Amino acid sequence: MDVHNTLVLGSGGREHAIAKSLTKSQIVGNLYIAPGNGGTLNCATNLPDINIHDVEQVANAIRENEISLLIIGPEDPLVNGLRNQLEEIFTEDQLAIVGPNADGAQLEGSKDFAKQFMLRNNIPTAGHQTFISGQENEAKAYLAEKQAPFVLKADGLLAGKGVLILEKIADAEKAIDEILKDGKFGDAGNRLVIEDFLDGIEFSVFAAVDGNDYVLLPVAKDYKRIGEGDTGLNTGGMGAVSPPPFVDAALMQKVESRIVKRTMEGLKKENIDYRGIIFFGLINVEGEPYVIEYNCRLGDPETEVILPRITSDFGKLCLAIHKRQIADYEIEITTDTAATVIVVSGGYPEAYKKGIEISGLNQVPGEITLFHAGTRREGDKILTNGGRVLAFTAMEKNHQHALMQSYQAIRKICFQDMYFRKDIGFDL
Ligand code: AMP
Ligand code: GLY
């Protein structure tokens, strides 16, 4: 069996979880992560000086470390065409890449593209219309026929900040002017999607895709809002559970036939050679699944609960994505439930301090898998280095027990102004 020196790009909890799963793989040789964080250096070699948006730097790291398997964690390099650029430098045989090209990444990079794609391919999603600069009046006329809450989405990548859900029509009209006239979101707001509000419970489905076939990974639910009871500002994610108990076989059957299969057929029909992960952000409206959004990568914090449940070789899955051999990959998933709780810096998702020492990390019990996100190591200290700092993952027979373990473990650590939601799983 060939062994591959492997490089993971990214620095979050997602990438730590990816790296940790790869350490168990038979096909992974030396493992690198760029730039990595204060936790990834326990399972991989950090390449902290690499700018993952600079293709030359990435290509040099690949050559220097004889990398033959690359996993691209976050969306921005994918949307900006990192895969396309690397394919001009390395052949298919030299470098296996997990992550779509720029055409495929448009599913996440342009909300308008995603909506049009779903319309063309008969994939259930909220009704919508797209407006460009100069069409403020048309946009307001469209709104006038809708009922609150109003859902406004800037077209491009804005890390979740480009979605506004507004109760008052006056606020929505103001937002239209801010986005289309005043350029509040820059180029990412050149187009504005206005869509119908869907009322239901959200969940995340992931497919590993090789251009022809797919395999479903474990399903998860994340908690995006900063405040308890799902209140306050949107964040990257404050916790996650896999599997969410309300996602039953009947719902998944609809998800597969109406959403996953039609997405695969649509990509093929439109000549988009997608090799990577498709993340379907879904909502269950009275038993019927709809797509809220597509992402072109794994989720964070969903990865911190789905990868620990995959007991088959994750490195082999990564290779199968590249080699178009998903049909031969047999995924094994434990029936146990994984839960993760994210500890964040006080102030997040708005301004927060960095560089604060975290104490008690060595007291965290062995049953907990601790994934680092915004941390860095300085000497023998671990300091905060981002908004989301640590993910405490536990696996048990049910989500209540898993969450209890995560919360007990969080009590062992401390840093100034640390915050976490105490109600992850409250709605399950
Ligand atoms: P997105 O970035 O498109 O995932 O949107 C961020 C969040 O806004 C989603 O996770 C949902 O909670 C919410 N959202 C987006 N679109 C809709 C919609 N059409 N109806 C209800 N909630 C939505
Ligand atoms: N947890 C949502 C995301 O990764 O986009």
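The values are calculated or read from the model by the stated rules, or taken from the named source; none is laboratory data. Keep in mind the model is a prediction, meaning the values are calculated, not measured. Ideal geometry is used to build each Cβ from the backbone, glycine not excepted, and the neighbour counts take in all protein chains shown. Protein only, heavy atoms only, side chains kept; ligands, DNA and RNA dropped before computing areas. Shrake-Rupley method; radii C 1.70, N 1.55, O 1.52, S 1.80 Å.
If we scan segment 277-300, do we find a residue that is surrounded by fewer than 24 Cβ atoms within 10 Å (Cβ to Cβ), closer than 24 Å to GLU396 by Cβ and within 16 Å of ligand 2 (Cβ to nearest atom)?
Yes; the residues of segment 277-300 include at least one that is surrounded by fewer than 24 Cβ atoms within 10 Å (Cβ to Cβ), closer than 24 Å to GLU396 by Cβ and within 16 Å of ligand 2 (Cβ to nearest atom).
Please find, among LEU198, LEU166, the residue that is in contact with a Phe, Trp or Tyr (Cβ under 7 Å, 6 or more places away or on another chain) and more than 30 Å from GLU256 (Cβ to Cβ). Give the steps one after another, and end with the answer.
Numbers: LEU198 fails: more than 30 Å from GLU256 (Cβ to Cβ).
Selected residue: LEU166, the only one of LEU198, LEU166 that is in contact with a Phe, Trp or Tyr (Cβ under 7 Å, 6 or more places away or on another chain) and more than 30 Å from GLU256 (Cβ to Cβ).
Inspect all residues belonging to segment 181-202 and state whether any of them is more than 30 Å from SER133 (Cβ to Cβ) and more than 13 Å from ligand 1 (Cβ to nearest atom).
First, the residues of segment 181-202 that are more than 30 Å from SER133 (Cβ to Cβ): 199-202.
Still in the running and more than 13 Å from ligand 1 (Cβ to nearest atom): none.
Within segment 181-202, none of the residues are more than 30 Å from SER133 (Cβ to Cβ) and more than 13 Å from ligand 1 (Cβ to nearest atom).
Report, ordered by the first and then the second residue, all pairs with beta carbons closer than 9 Å, sequence separation of six or more or different chains, a first member in segment 213-241 that is more than 29 Å from GLY276 (Cα to Cα) and within 14 Å of ligand 1 (Cβ to nearest atom), and a second member that is open to solvent by less than 10 Å² (accessible area, probe 1.4 Å) and in a strand (DSSP E or B).
As it stands, the answer is ILE226/VAL344, since those pairs meet every condition given.
Out of the residues in segment 100-116 meeting the condition of being of a type in the set (D, E, K, R) and open to solvent by 30 Å² or more (accessible area, probe 1.4 Å), tell me which one is modelled with the lowest pLDDT.
Of all residues in segment 100-116, those of a type in the set (D, E, K, R) come to 103, 108, 111-112, 115.
Filter again for open to solvent by 30 Å² or more (accessible area, probe 1.4 Å), leaving 103, 111.
Values: ASP103: 98, LYS111: 92.
Checked segment 100-116; the qualifying residue modelled with the lowest pLDDT is LYS111.
Give me the residue from segment 229-249 that is within 10 Å of ligand 2 (Cβ to nearest atom) and not small (Gly, Ala, Ser) and, out of that set, nearest to HIS372 (Cα to Cα).
Residue satisfying both the conditions and the ranking: MET238.
Identify, please: which residue in segment 318-329 is under 30 Å from ILE368 (Cα atoms) and surrounded by fewer than 24 Cβ atoms within 10 Å (Cβ to Cβ) and is, among those, farthest from ligand 1 (Cβ to nearest atom)? Reasoning before the result, please.
Filtering segment 318-329 down to residues under 30 Å from ILE368 (Cα atoms) leaves 318-321, 329.
Remaining after also requiring surrounded by fewer than 24 Cβ atoms within 10 Å (Cβ to Cβ): 319-320, 329.
On the way: LEU319: 30, ALA320: 28, TYR329: 28 Å.
Top of the filtered list is LEU319.
So, ILE310, is that one modelled with pLDDT of 95 or more, more than 16 Å from ligand 2 (Cβ to nearest atom) and among the hydrophobic types (A, V, I, L, M, F, W, C) or not?
Details: modelled with pLDDT of 95 or more: yes; more than 16 Å from ligand 2 (Cβ to nearest atom): yes; among the hydrophobic types (A, V, I, L, M, F, W, C): yes.
Yes.
Any idea which of GLU330, GLU357 is over 17 Å from VAL219 (Cβ atoms), more than 16 Å from ligand 2 (Cβ to nearest atom), free of Cβ contacts under 8 Å to residues at least 40 places away in the same chain and charged (D, E, K, R)? Steps first, answer last, please.
Working: GLU357 fails: free of Cβ contacts under 8 Å to residues at least 40 places away in the same chain.
Residue meeting the stated conditions: GLU330.
Each row is one residue, and each column tells you yes or no for (1) touching a Pro at 6+ places or on another chain (Cβ under 8 Å); (2) open to solvent by 40 Å² or more (accessible area, probe 1.4 Å); (3) not in a loop (DSSP other than H, G, I, E, B).
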position	(1), (2), (3)
ILE331	no, yes, no
THR335	no, yes, no
VAL344	no, no, yes
TYR352	no, yes, no
LEU370	no, no, yes
ARG377	no, yes, yes
VAL389	no, no, yes
GLN416	no, yes, no
LYS422	no, yes, no
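From the list LYS153, LYS146, pick out the single residue that is basic (Lys, Arg) and more than 30 Å from MET264 (Cβ to Cβ).
Working: LYS153 fails: more than 30 Å from MET264 (Cβ to Cβ).
The conditions single out LYS146.
Given the options GLU286, GLU350, GLU332, name the one that is acidic (Asp, Glu), within 17 Å of LEU22 (Cα to Cα) and out of contact with any helix residue (DSSP H, G or I) (no Cβ under 9 Å at 6 or more places or on another chain).
Numbers: GLU286 fails: within 17 Å of LEU22 (Cα to Cα); GLU350 fails: within 17 Å of LEU22 (Cα to Cα).
So the residue among GLU286, GLU350, GLU332 that is acidic (Asp, Glu), within 17 Å of LEU22 (Cα to Cα) and out of contact with any helix residue (DSSP H, G or I) (no Cβ under 9 Å at 6 or more places or on another chain) is GLU332.
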